[in-house]
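Comments concern the structure below.
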Amino acid sequence: MVIPKNRRTKAEIWAVWWKNGYPPYFGKAINSVNIIGIHVIIDNTVLDLNKQKVLSFNRTLDMQHGILKREFSIETDKGIINVVAERFVSLAEKELLAISYTINSSYEANIILKPYLDANVHNLDSNYDETFWEMLGEFEIEESMAILTKTKENPFGAPRFTVAAAMSCWAEGLVCNKTFSKSGYVEMEYSGIIKPNIPVTLEKFSLIFTDRDHAEDALIPRSTRAASRARQVGYSELKEKHISQWLGRWHDADVEIEGDDAAQQGIRFNLFHLLSTYSGEDPRLNIGPKGFTGEKYGGATYWDTEAYCLPVYMSISGQDVAKQLLIYRHIQLPEAYINAQAQGLKGALFPMVTFTGLECHNEWEITFEEIHRNGAMVYAIYNYTHYTGKTDYILNEGFDVICGVARFYADRVHFSKNKNKYMIHGVTGPNEYENNINNNWYTNRLASWCLELFINLCKKVDSSKLKEHDISESELALMNDIITNMYYCEDKELNIFIQHDTFMDKDLMPVSDIPENERPINQNWSWDKVLRSCFIKQADVLQGLYFFNHLYDNETIKRNFDFYEPMTVHESSLSPCVHSILAAQIGYQDKAVEMYMRTSRLDLDNINNDTDDGLHITSMAGSWLSIVQGFSGMRNINELSFAPFLPKEWKSYSFKINYRDNILKVYVTSENVHFELIRGEGLSFKVFDKEYTLKDTLKISLKQ
C-alpha cells in the first residue's frame with residue numbers, strides 16, 4: 001500500500017534522542033524505524049487510496065482494548081476489494097507491535113503483500129531531509145528479518161544509541177517465496193491467488209530493542225528470537241493478553257459520565273493517552289508534552305509532569321508509579337547542579353526541557369528565566385507526601401532535591417535597599433506572553449514556600465543529612481530572612497495579587513475585545529504585540545492559588561479569579577484545568593464546566609488550532625483533575641476532603657482513587673454523593689467540612 005508523501009510514518013523510542021550541534025544544548029526525540037509498513041499489490045497494481053476509487057473508509061480507535069482498526073473498500077475494473085487492518089502496541093510484551101491485515105475480494109486476483117522495516121527516515125523538521133541514523137546492517141535469521149541502526153556520531157558529547165528492529169510474519173492463504181534487503185531496509189514477499197469472498201490474512205510481528213535495556217551485541221539475536229516467538233504464539237493470543245492488560249488499567253482509572261456523551265468521550269480519550277504514554281516501570285523515563293503523537297517540543301520532559309501529571313498517576317495507577325516520576329528528577333540532580341553553576345548560581349536548577357537532566361532548550365527567556373519550574377519539583381514531592389502519608393522519600397531523596405532548589409532560590413534573590421525587601425528580577429512566569437519581568441508573584445511565592453519547607457524539613461531529617469549537605473545555621477537564618485522579607489506585588493485597592501511589577505501599567509482589557517479573526521493571538525499577532533499586551537497565556541497568579549489553595553480563603557481566590565480570568569486567552573493547553581478547578585471551588589459551576597469541556601476536548605475538537613503538532617498529553621491530565629479536584633472538590637493537603645457538585649447537564653459521574661492503600665469509588669448524582677470502599681481497610685475524610693469514616697459504603701446529600 002502506498003503511503004502519501006504528506007503523511008508521516010513514525011516510531012519514536014522513549015529516551016532515544018539526538019543532540020543537535022547548533023545550538024549545542026538543543027535536543028529532540030528522533031523518528032525511528034518504520035515498523036508498520038506493508039506494500040499491497042493486486043493484479044500488478046499497487047494499492048494506493050490516492051488513486052483507486054474508495055467506496056468506504058472507516059478508522060476506529062478502540063480505547064477500551066487499545067486497538068486501532070481501519071476498514072475500507074475500493075472498486076477496481078474487476079470488482080470490489082475489502083481490507084480490514086488492525087494493530088496494537090502490546091502492553092503485555094513491551095517491545096512488540098502486532099498487525100493483522102485481511103483482504104477479501106469479490107473476484108479472483110493475484111495478490112502480493114510485502115511487509116517491511118525501513119530505517120531510512122527523518123523528522124518533519126529536519127533540515128534538507130537530514131537523517132540521524134547510521135545503518136549497521138540487515139539480517140535474516142530463520143523466519144525473521146532485522147535491521148541494526150545507531151544514532152550518528154556527533155562532536156558534542158551526546159550519547160549514541162543502538163536500535164534493532166525485527167519482524168516475523170505469518171500468512172493464511174499466501175506463501176513467502178522471497179526476501180529483499182538493502183541499506184536500512186528489509187522486506188518479505190508473500191504471494192498467492194485470492195479466491196472470491198475467501199479472505200487472506202497476513203500477521204506481522206515487529207519488535208524494537210535498544211541498548212538502553214540490552215547489550216548491543218545481543219540486540220539482533222534477542223529481537224529476532226522475540227519476533228519468532230510472537231509468530232508462534234499468533235496474533236489472537238497476543239491480542240487477548242494485550243486486552244487483558246488494558247482492562248486492568250481501565251478498572252481503576254475509568255471515569256464514567258452519564259448524560260453527556262461529549263464529556264464522556266473527552267475524558268476517556270485523554271485517559272487512554274495518559275495510560276498509553278506512561279506506566280512507571282522505568283525511572284529513567286518521563287512524559288513529554290506531546291507524548292509520541294507529534295514532534296513539537298522534541299519529546300523532552302517539562303515541568304508539566306510534576307504540576308499536572310503526577311497527581312493523576314498517583315490516583316489512578318498507584319503511589320509506586322508516581323514515585324518513579326520523583327526518582328527521575330533525583331537521578332538527574334547532579335545535572336541540575338551543573339545547570340545552576342552554568343548560570344553562576346548556587347544550588348540546583350532543574351531544566352526547562354531535558355532528556356538527561358541537562359538543559360536542552362535554546363530560548364534564553366525560557367531557559368534562564370522560567371525558574372518557577374524548580375518549585376514544581378518541590379511541590380510534587382510535597383504533594384506525594386501528603387497524598388501517600390509516607391515521609392520516607394521526602395526525608396531522604398526528596399530532601400536532596402529540596403535542598404538544591406532552596407539554595408538556588410536563596411542565591412537567585414537579591415536584596416533591594418530601596419524597598420528593604422528581597423526580590424527576584426528577570427524572570428518569566430507561567431504566562432509566557434511576558435518575558436524578563438520583575439517580581440512575578442507566583443515565582444516569588446513559590447520560591448519563599450520552598451525555603452520555608454526546606455527549613456521545616458531540616459528539623460525532621462536525620463542529622464547525617466544535615467552534615468551531608470553541610471547546612472549551617474547562618475544559611476538557614478538567611479533563608480528565614482528571605483521568607484520574612486520577600487516582596488510581593490499587591491494592589492491594596494483591588495485587594496489582589498499583581499502578576500508582576502508593571503502589569504497594572506498595561507492597557508488592561510478583556511479577551512472579548514480581541515476580534516475573533518485575530519485569535520489565537522500567538523498565530524495572528526507579532527510577538528512584540530503579544531508581549532506588550534495584557535493577555536495571559538495560562539494561569540499565573542491563579543497557578544499559585546491552585547497550588548496553595550489551602551492557604552487562601554475563597555474570597556481571595558474569587559477576587560483574583562475575577563480579575564485575571566477575563567484577560568486569559570487559554571492558549572496554553574495547561575490553562576483551562578486550573579481555571580476549571582478554581583471556578584468550581586468558588587462556586588462558578590458553569591465556568592468550571594466550560595473550562596472542563598475545553599481541556600477534555602482540546603485535541604478532539606482542535607480548539608487551539610494546533611492539534612496537527614501532536615496531542616497535548618501532559619495537559620490531558622487536566623481533564624481528570626477538573627472532574628476530581630474541581631467537580632468533586634477533592635483535596636489532599638493536610639487531609640482528604642470532598643465538596644462535590646453535579647454539572648447541570650449531567651445525570652451522574654463516578655471515578656476511583658487509589659489513596660493510601662485504599663481503592664475508593666466516588667459516585668455523584670443530582671441528590672447525593674456515594675462513597676464505596678472497593679479495596680482496603682477503610683479511611684476517614686471530610687465531605688462539606690464534616691468528618692466521616694468509611695468502612696463499606698456511605699451516602700451523603702449534596703444539599704448542605
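Some points to look at:
- When we screen ASN609, ASN638 for residues that are in contact (Cβ under 8 Å) with a residue 40 or more places away in the chain and under 30 Å from LYS690 (Cβ atoms), the only hit is ASN638.
- Among the residues of the range 450-504, those identified as among the aliphatic types (A, V, I, L, M) and closer than 22 Å to ILE557 by Cβ are LEU453, MET486, LEU494, ILE496, ILE498, MET504.
- Every listed requirement among (1) among the polar types (S, T, N, Q); (2) in contact (Cβ under 8 Å) with a residue 40 or more places away in the chain; (3) crowded, with 21+ Cβ neighbours inside 10 Å is met by SER575 save one, (2).
- Identity of the residue in the range 411-443, within 30 Å of the chain's Cα centre (by Cα) and of a type in the set (Gly, Ala, Ser), that ends up surrounded by the most Cβ atoms within 10 Å (Cβ to Cβ): GLY429
- In the range 636-687, the residues that are more than 28 Å from the chain's Cα centre (by Cα), surrounded by fewer than 15 Cβ atoms within 10 Å (Cβ to Cβ) and at positive phi: GLY682
- One residue stands out among those in the range 72-85 that are in contact with a Leu (Cβ under 8 Å, 6 or more places away or on another chain) and surrounded by fewer than 19 Cβ atoms within 10 Å (Cβ to Cβ): the one that is nearest to GLU237 (Cα to Cα), which is PHE72.
- Pair list, Cβ < 7 Å and 6+ apart or interchain, from the range 57-70 residues that are among the aromatic types (Phe, Trp, Tyr) and in a strand (DSSP E or B) to residues that are surrounded by 17 or more Cβ atoms within 10 Å (Cβ to Cβ) and modelled with pLDDT of 95 or more: PHE57/PHE72
- Criterion violated by TYR546 - all others in (1) assigned to a helix (DSSP H, G or I); (2) surrounded by 24 or more Cβ atoms within 10 Å (Cβ to Cβ) satisfied: (2)
- Pairs where the first residue, in the range 341-356, is assigned by TED's automatic domain parsing to the domain that holds PHE408 and the second is at pLDDT below 95 and of a type in the set (S, T, N, Q), C-beta under 6 Å, 6+ apart: LEU349/ASN339; PRO351/ASN339; MET352/THR367; THR354/THR301
- For the criterion of being more than 18 Å from the chain's Cα centre (by Cα) and surrounded by fewer than 18 Cβ atoms within 10 Å (Cβ to Cβ), GLN332 fails.
- Residue within the range 466-489 that is among the polar types (S, T, N, Q), within 32 Å of the chain's Cα centre (by Cα) and buried (at least 16 other Cβ atoms within 10 Å of the Cβ) present: no
- Look at (1) out of contact with any helix residue (DSSP H, G or I) (no Cβ under 6 Å at 6 or more places or on another chain); (2) closer than 27 Å to VAL405 by Cβ; (3) without any contact (Cβ under 8 Å) to a residue 40 or more places away in the chain and you find that LYS537 fails only one, number (3).
- Residues that are crowded, with 16+ Cβ neighbours inside 10 Å, part of a loop (DSSP other than H, G, I, E, B), on the phi < 0 side of the Ramachandran plot and of a type outside the set (Gly, Ala, Ser) occur in the range 198-211; there is at least one.
- Of note, PHE368 satisfies the criterion of being of a type in the set (Phe, Trp, Tyr), more than 28 Å from LEU625 (Cα to Cα), at pLDDT below 95 and not assigned by TED's automatic domain parsing to the domain that holds ARG635.
- Complete set of residues in the range 295-322 that are of a type in the set (Lys, Arg) and crowded, with 23+ Cβ neighbours inside 10 Å: none
- Residue check for LYS195: within 20 Å of TRP170 (Cβ to Cβ), modelled with pLDDT of 95 or more, crowded, with 19+ Cβ neighbours inside 10 Å and of a type in the set (Lys, Arg): no
- Residue count, the range 278-300 (criterion: in contact with a Phe, Trp or Tyr (Cβ under 7 Å, 6 or more places away or on another chain) and of a type in the set (Val, Ile, Thr)): 1
- Within the range 172-188, residues that are in the same structural domain as MET145 (by TED's automatic domain parsing) sit with their Cβ atoms under 6 Å from residues that are polar (S, T, N, Q), at 6+ positions apart or across chains, in these pairs: GLU172/THR201; GLY184/ASN120; MET188/THR179.
- Scanning the range 531-553 for residues that are closer than 19 Å to GLY429 by Cβ and more than 27 Å from the chain's Cα centre (by Cα) yields LEU531, ARG532, SER533, CYS534, LEU551, TYR552.
- Residue within the range 549-568 that is outside the structural domain of PRO647 (by TED's automatic domain parsing), part of a loop (DSSP other than H, G, I, E, B) and either at pLDDT 95 or above or crowded, with 22+ Cβ neighbours inside 10 Å (or both) present: yes
- Boolean, LEU238 is aliphatic (A, V, I, L, M) and either more than 23 Å from the chain's Cα centre (by Cα) or outside the structural domain of SER652 (by TED's automatic domain parsing) (or both): yes
- ASP400 at positive phi and either buried (at least 16 other Cβ atoms within 10 Å of the Cβ) or acidic (Asp, Glu) (or both): no
- Answer residue from the range 86-102, given it is of a type in the set (Asp, Glu) and assigned to a loop (DSSP other than H, G, I, E, B) and is surrounded by the fewest Cβ atoms within 10 Å (Cβ to Cβ) among those: GLU93
- Filtered residues of the range 78-104 (kept if farther than 25 Å from GLN245 by Cα and not β-branched (Val, Ile, Thr)): LYS78, GLY79, ASN82, ASN104
- Residue within the range 143-156 that is in contact with a Pro (Cβ under 6 Å, 6 or more places away or on another chain) and within 21 Å of GLY299 (Cα to Cα) present: yes
One line per residue, one yes/no per condition, for (1) in contact with a Leu (Cβ under 6 Å, 6 or more places away or on another chain); (2) within 26 Å of GLY587 (Cβ to Cβ); (3) outside the structural domain of ALA29 (by TED's automatic domain parsing):
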| residue | (1), (2), (3) |
| --- | --- |
| ASN609 | no, no, yes |
| ARG635 | no, yes, yes |
| VAL668 | yes, yes, yes |
| GLU676 | no, no, yes |
| ILE700 | no, yes, yes |
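- GLY614 being closer than 18 Å to LEU274 by Cβ, buried (at least 22 other Cβ atoms within 10 Å of the Cβ), among the small types (Gly, Ala, Ser) and under 23 Å from the mean Cα position of the chain (by Cα): no
- Any hit, the range 273-289, residues being among the charged types (D, E, K, R) and modelled with pLDDT of 95 or more: no
The values are calculated or read from the model by the stated rules, or taken from the named source; none is laboratory data. Just so you know, these numbers come straight off a predicted model, no measurement behind them. Positions of Cβ are generated from backbone atoms using ideal geometry, with glycine treated the same way; all protein chains shown enter the neighbour counts.
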